[in-house]
Amino acid sequence: MSDTQFQHLLSKARDAKTGGRDAWSVQSTGEKLAVAIVLNRPDWLTSMGYTLAEAIGRIDSDWLELIPKVERALQEE
């Protein structure tokens, strides 16, 4: 996992945290799934037709490793 990937996911999560569903809705499917998990938004996953388990299975393994780090970074902001 790279710092670039971390910064990318952090940026997408930050956008969705501040801009809500409108900011989240323009992201790619993989970004949406990861961000919904970072922000603890199972309702967003459901709206896409994904369960939590399905979302985890769909997200790239590098991004899965980043999810807890991105969540902590957002909480510290």
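Read the figures in this text as sums done on the coordinates, not as results from a lab. The shown structure was predicted, so the numbers you read here are calculated from the model rather than taken from an experiment. Every residue, glycine as well, gets a Cβ built from its backbone with ideal geometry; the counts of neighbours run over all protein chains shown.
What the Cβ-Cβ distance of Ala23 and Glu71 gives, at R0 = 22 Å and to the nearest 0.05, is a FRET efficiency of 0.80. Within the chain, the proportion of C-alpha pairs whose separation exceeds 17 Å stands at 35%. By the beta-carbon count within 10 Å of each Cβ, the least crowded to most crowded order of Arg58, Arg72, fewest first, is Arg72, Arg58.
Around Gln27, what is the net charge, scoring Lys/Arg as +1 and Asp/Glu as -1 over all other residues with Cβ under 13 Å from its Cβ? With Lys, Arg at +1 and Asp, Glu at -1, the net is +3.
Given labels modelled 7 Å from the Cα in the Cβ direction, how far is it in nm from Gln7 to Ser47? Those two pseudo-labels are separated by 2.9 nm. With each run of n ≥ 4 DSSP H residues scored as -39500 (n - 2.57), what mean residue ellipticity at 222 nm is computed for the chain after dividing by its residue count and rounding to the nearest 500 deg cm²/dmol? So the calculated ellipticity at 222 nm is -25000 deg cm²/dmol. Take every Cα pair under 8 Å whose residues are at least 6 apart in sequence, average their separation, divide by the length of the chain, and the relative contact order is 37 percent.
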